[in-house]
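Working notes, structure below.
The values are calculated or read from the model by the stated rules, or taken from the named source; none is laboratory data. Since this is a predicted model, take the numbers as computed values, not measurements. Every residue, glycine among them, receives a Cβ derived from its backbone with ideal geometry; neighbour counts consider all protein chains shown.
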Amino acid sequence: MGKKRNNTPKTTKKSDPPQTPPPSGKQPSGIPPTQSSVAPLPGLVEDNLFFLIIYASAVRMFTKHSTKDITSPAFFEESRKETSDALIKIVVLAAIALIVLGSKLRKRLGYYNKHVQAGFGRTLMSYISYIPLLAVLFSFVFVFGLTLFSNHEAVQTSRTVFKTNMLDIKECKEIIKMASRAKMNWTTDRHPAVPTVDMNVEEAFQDKDKAKLTKIFDERLSPFIEKTLGITRNSVRADDMFIVKYSAIEKGGQTGLKPHTDEAYFSVNILLSDEFEGGGTRFYQREQEPLDDYNSTIPSYDLSPPVGNAFLHRSRILHEGIPISKGERYILVLFMHIDQFDFETKQSYGLHPFSTWLNIGYMESWFNERYQGLKTELIDVQGQSLSHKYLRTIFYTLMYSTRLFSDFVGTVTPGGKFIEILDSDKTGEQGANWLHGQHMRLNEFGERVRADQTCDAGGAKLTNRGAEDIFK
């Protein structure tokens, strides 16, 4: 019996159609990525255009203060609006830049994870991709802070000396007579750091004389302060008001005062006499230590106003009393503080942030006040010690940093003929605390943090603590 034949026809196996090669630059599916599929480096130049735009805008905003006219009546209103607008523009521009760069960064990192083999190359390119985003973020923080603390108000007031007519010759002679009939004699014990021959007005003058001075200051000095520093007049408190006598007649008399800074927020000096030779006030551009080693090579500005003129300056500007060579020179000095709250009612004075916490000149004095308060062993009204070495270090660093920044953004320049205030103030507003609340230290809430007497590190009682400091 024969074999059965399979009559099923043979089928020929059809060849698969030729595969189309993948597009150039793409890996076929199913094939693992190779090192040859390395993506190009991030477009750093393109991305950093955002950084350049922010930087250029900031430089333009920052340099505009050099052309501002502080003598304009609407200076503070205009400068505050300009700074606020600039800050808003910077925030909007930075937000757009961060959103765009963040989106690009996300896509780029996703591409690396998908198409670049894991390893050092992918890690390096991932880190490099963050550079544009970090550059914009850093520039935003830098420019925002620079614009915030370099607003026109802070720049113009931190290192400018303002002057104006304040008293006539007759009034000046009358104030000298008030000192001659005072209840106390001249002393050199009130300011131990930088001694002066002086007399405190609140302690020594008769009541009727103090009332006359208060009326004059309410009418003339209060509006001058308000228009130069942009603060309300009732927020100002005289921590010390005194008459200084320089004499080239008396044997061993004091003729001048060495370089120093005042322990206050700002100082006011009024020349009361003109029967002398030499004299004046020298303001230094930079503070260098030791303070006794000053010479003609350090940039300075000398101010010798006529009798009756007042000049106002931030107390942290280094200055000295130029010695007289003949006669006697009398000046009325006020060390002024700026209070956020009334220390009796605790009501806020409503000061603008650009005049206080966002003002580099104000912060310089605020940090110094805290540092000086912790420099010795202070006792508060509850008898608790306020001294702490770590806090002293922190406040000294902050005070020193703000001082350097103030020197950087401002130069010691005269304010020129700012405002001629000889007419009575017709507004009837409350003036400053000229003779009430001297020798007090208040915190930011208007609460007293220093009693009438303080103690130094050795326990000795100190009264009428000196109002100058020379960073020794």
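Counting only helices (runs of 4 or more DSSP H) that fall entirely inside the range 102-201 and contain at least 1 residues that are closer than 29 Å to residue 357 by Cβ, the qualifying elements are 131-149, 152-158. Looking only at residues of the range 255-291 that are assigned to a strand (DSSP E or B) and of a type in the set (A, V, I, L, M), we find that the one that is modelled with the lowest pLDDT is 257. Residues of the range 320-334 that are closer than 18 Å to residue 242 by Cα and either in contact with an Asp or Glu (Cβ under 9 Å, 6 or more places away or on another chain) or not in a strand (DSSP E or B) (or both): 328, 329, 333, 334.
Conditions (1) touching a residue at least 24 places away in the same chain (Cβ under 8 Å); (2) of a type in the set (Ser, Thr, Tyr); (3) assigned by TED's automatic domain parsing to the domain that holds residue 200, marked per residue:
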site	(1), (2), (3)
85	no, no, no
93	yes, no, no
117	yes, no, no
122	no, no, no
140	yes, no, no
176	yes, no, yes
182	yes, no, yes
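Within the range 199-216, residues that are within 13 Å of residue 176 (Cβ to Cβ) sit with their Cβ atoms under 8 Å from residues that are surrounded by 21 or more Cβ atoms within 10 Å (Cβ to Cβ) and among the β-branched types (Val, Ile, Thr), at 6+ positions apart or across chains, in these pairs: 199/243; 201/243; 213/175; 213/201. Criterion applied to 180, 139, 79 was being closer than 30 Å to residue 213 by Cβ and polar (S, T, N, Q), and the one residue passing it is 180.
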